[in-house]
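The values are calculated or read from the model by the stated rules, or taken from the named source; none is laboratory data. As the structure is a prediction and not an experimental result, all values here were calculated from the model. Reconstructed Cβ throughout: ideal geometry from the backbone, glycine too, with neighbour counts over all protein chains shown.
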Amino acid sequence: MINFKEKIAALLVETVEGLTVEEMRDMIEIPTDSKMGDYAFPCFKLAKLLRKAPPMIAQGIAEKLQGGEIFDKVENVNAYVNMFLSRKIFMKELVSSVADQKDNFGSANIGNDRKVIVEFSSPNIAKPFHIGHIRSTVIGNSIHKIYDFLGYDTIRINHLGDYGTQFGKMIVSFRRWGNEEDVIREPIKTLLGYYVKFHEESENDPTLEDEARDVFTRLENGAAEEIKLWQWFRDESLKEFNRVYEMLGIEFDSFAGESFYSDRLQSVVNAIQDANLLKVSEGAQIVELEEYGMSPALITKKDGSSLYITRDIAAAVYRKEHYDFYKNLYIVASQQNLHFQQWIKIIELLGYDWAKDCVHIPFGLVSLEEGTMSTRQGRVVFLEDVLNRAVDQTKDIILEKNVNTDNLDITAKQVGIGAVIFQELSNNRIKDYVFSWDKILNFDGETGPYVQYTHARAASVLRNGGDSLNQALAASDQAEMGYISGDSAYELAKLIYRFPEIVIEAGEKYEPSVVTRHIVDIAQVFNKFYHDEHILVKEEEEKKAKLLLVYAAKQTIKNGLKLLGMEAPERM
Ligand code: ARG
């Protein structure tokens, strides 16, 4: 697609001597008020170079640009040159680019196949996959898709919490109060029950904690009985996680979790020791980080068992060796900020220059209207239940609204689950938010259902356009876009034009909400256009021009939804 800013910079260079295209380009602005043009060029900075007053310079430049074929109009207002693009040229360029690129519209090759690891979801085994985990899962999946679209070679890793003292607790609790039948019948909820029970009991009997630590040490040392139970808990939990991932349409390239690194922990400890970073404190081994404004990092416990942080260091070293990543991204809650700062610092102190390529991407808390959740007290909402409820409620809404669908079950699933995903990705990820049913399923708000509905509405117009659409698509570079002159059409075209930049911005900021908000804007302006203009008119060339714009809007919304990890139903 033509880069109009670049093109304008090239024209500007011819009007003023002594500046490069890049310098010109950096000075070009996009006015917030479109009455001031599509692009504006402020002349203040040229005053010194040209020894002239800025308004005079602006006037001179405007005169020279006047009449250029890519402009409808060039004006000068005070020190500014305000440029209005030729709507006809702009829209033709836009619709033919989208018609060409289709599902790839908005993609780029800036990644050059460099490897980006996106670690996300990473729930803890034998604990429920609750609504708090959905954040990492959904944000991470979207970041992976955005990086993929930008031409990076992405690797999705689920760093399962499948190791650590909680397994000691689970095993102790199972042995004392559990039975196999319960676990088989209802694995996750039963295992969670054991975990809760352990914490209740250990309040009165502190020796339980020691017992659990002991059991975990035996597990780390490879004791057959403990390994067998651990493996069983892991398998049962994975079954449930996979059910949820399937509902969300999410896949992983690797499930190498914490346990995967157990035989590499000693070499990490050795490396830390060799670097003279290891200190013994009350029998435990630590790394002092006071110099860097952080509390010490605990590397091994008194009893020699390893810790979460040690496993993270081992994992990062392994990933560098195994994948030679360009970036290693961690989508993990902001509560773990200190943890990530600590271990990334240790990696740096070990002399690994790639420490800077390990990036923690934090996000805020999700709470329920009834208050935050806590695994220990058993107050959790299971993600699977949330998704099922979203689908059921959507089904009711579809029936009630008499929405036309190809298949009620499939559409309800796409829209219901999409609503949950969309809500997650609507605000800046760092913000805390309260999960609300009413908000997410509202078909008229800035919601997933609203955007999907707009997409389906555009799809329906295109179906009604029939053969005219096909002809228009086959010859989009000859479209008579002069037929569309309304402001809402032009505003819509401008938003679509910005989509590729929006994807880049979302990638740079690790912020899917940039995409979410942009497709809400497109949907809103599309609906305005749909309302303002009669699309399926008699005049064939006019109809084709309008259909091409509808096509571009639909395709862009679809590509945006895909980047969020959502479906774009054709009918609803
Ligand atoms: N399993 C952890 C939890 O649920 C998250 C793991 C985050 N990833 C990491 N590499 N530490 O809290």
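Which condition number in (1) touching a helix residue (DSSP H, G or I) at 6+ places or on another chain (Cβ under 6 Å); (2) free of Cβ contacts under 8 Å to residues at least 40 places away in the same chain; (3) of a type in the set (Ser, Thr, Tyr) is the one that residue 15 fails?
(2)
Quick one: which residue in 61, 89 is among the hydrophobic types (A, V, I, L, M, F, W, C) and in contact with a Leu (Cβ under 9 Å, 6 or more places away or on another chain)? First the steps, then the outcome.
Details: 89 fails: in contact with a Leu (Cβ under 9 Å, 6 or more places away or on another chain).
It is 61.
Only one of (1) in contact with a Gly (Cβ under 7 Å, 6 or more places away or on another chain); (2) surrounded by fewer than 19 Cβ atoms within 10 Å (Cβ to Cβ) fails for residue 566. Which number is that?
Result: residue 566 passes all but (2).
Restricting the first residue to region 150-167 and requiring it to be free of Cβ contacts under 8 Å to residues at least 40 places away in the same chain, which pairs with a second residue that is outside any strand (DSSP E or B) meet a Cβ separation below 8 Å and a spacing of at least six or different chains?
154/144; 154/147; 154/148
Might you check whether a residue that is in contact with a Lys or Arg (Cβ under 8 Å, 6 or more places away or on another chain) and assigned to a strand (DSSP E or B) occurs anywhere in region 14-28?
no
Please indicate, with yes or no, whether at least one residue in region 139-157 is in a helix (DSSP H, G or I), more than 21 Å from residue 234 (Cβ to Cβ), in contact with a helix residue (DSSP H, G or I) (Cβ under 7 Å, 6 or more places away or on another chain) and of a type in the set (Ser, Thr, Tyr).
Yes, because at least one residue in region 139-157 is in a helix (DSSP H, G or I), more than 21 Å from residue 234 (Cβ to Cβ), in contact with a helix residue (DSSP H, G or I) (Cβ under 7 Å, 6 or more places away or on another chain) and of a type in the set (Ser, Thr, Tyr).
Among the helices (runs of 4 or more DSSP H) contained in region 252-354, which hold 3 or more residues that are at pLDDT 95 or above and within 12 Å of the ligand (Cβ to nearest atom)? If you could, list the steps in order and put the result at the bottom.
Working: elements: 265-274, 308-323, 337-349.
Of the helices (runs of 4 or more DSSP H) lying wholly inside region 252-354, those with at least 3 residues that are at pLDDT 95 or above and within 12 Å of the ligand (Cβ to nearest atom) span 308-323, 337-349.
Being within 13 Å of the ligand (Cβ to nearest atom), among the polar types (S, T, N, Q) and part of a loop (DSSP other than H, G, I, E, B) is true for just one of 136, 122. Which residue is that? Lay out the reasoning, then the answer.
Working: 136 fails: part of a loop (DSSP other than H, G, I, E, B).
The conditions single out 122.
Within region 158-171, take every residue that is surrounded by fewer than 24 Cβ atoms within 10 Å (Cβ to Cβ) and in a helix (DSSP H, G or I) and give me the one that is farthest from the ligand (Cβ to nearest atom).
165
Check 493, 506, 545 and return the single one that is part of a helix (DSSP H, G or I), within 30 Å of residue 245 (Cβ to Cβ) and not acidic (Asp, Glu). Break it down into steps so the answer makes sense when it comes.
Working: 493 fails: within 30 Å of residue 245 (Cβ to Cβ); 545 fails: within 30 Å of residue 245 (Cβ to Cβ).
Going through 493, 506, 545 in turn, just one is part of a helix (DSSP H, G or I), within 30 Å of residue 245 (Cβ to Cβ) and not acidic (Asp, Glu): 506.
Scan region 518-542 for residues that are part of a loop (DSSP other than H, G, I, E, B) and either within 17 Å of residue 487 (Cβ to Cβ) or without any contact (Cβ under 8 Å) to a residue 12 or more places away in the chain (or both) and report the count. Let's see the steps before the verdict.
Filtering region 518-542 for residues part of a loop (DSSP other than H, G, I, E, B) gives 533-539.
Adding the requirement that they be either within 17 Å of residue 487 (Cβ to Cβ) or without any contact (Cβ under 8 Å) to a residue 12 or more places away in the chain (or both) leaves 533-535, 537-538.
The number of residues fulfilling the criteria is 5.
Scan region 210-233 for residues that are touching a residue at least 40 places away in the same chain (Cβ under 8 Å) and either more than 23 Å from residue 244 (Cα to Cα) or outside any helix (DSSP H, G or I) (or both) and jot them down.
Hits for region 210-233 are 211, 212, 213, 214, 215, 216, 217, 219, 220, 226, 229.
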